[in-house]
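Input: a single structure, listed below in structure tokens.
The values are calculated or read from the model by the stated rules, or taken from the named source; none is laboratory data. Here the structure is a predicted model, which is why all the values come from computation and not from measurement. Remember, those area values only see protein heavy atoms, side chains included, never the ligands or the DNA or RNA. Shrake-Rupley method; radii C 1.70, N 1.55, O 1.52, S 1.80 Å.
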Amino acid sequence: IKKQQQDVLGFLEANKIEFEEKDIAANEENRKWMRENVPEDSRPASGNPLPPRLFNDSRYLGDYEAFFEARENNAVYAFLGLTAPPGSKVGVHVPHWNS
């Protein structure tokens with residue numbers, strides 16, 4: 001999980017995409033928010049959704065696998081729902097597990 005989080009955050013930082021991390025390990029409100037905002041069809045069959053999960057405001061974008069696939073296809077900006085050019089300030093929420 002930590003490696004995936006670092007991969008996502010590293011990409012966002014390298015491309016100067018503004019984001020907000022939400023620590024779900026130390027903050028029950030963030031954990032509850034993430035669980036409530038991951039759509040039913042994107043949740044695991046059992047247990048709770050694991051980070052990293054990406055959101056644009058409260059709109060669910062996907063998990064690490066979806067992010068990775070978008071990056072491999074040079075479609076990360078579309079995946080993130082960003083229309084602004086690279087370097088623009090655009091907010092993205094990245095709930096994460098701080099361990």
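For V38, no residue 5 or more places off, or on another chain, has a built amide H under 5 Å of its own. Accessible surface comparison of D23, D41, probe 1.4 Å, protein chains only, largest first: the order is D41, D23. Residue ranking by accessible heavy-atom surface, 1.4 Å probe, largest first, among F68, F55 comes out as F68, F55.
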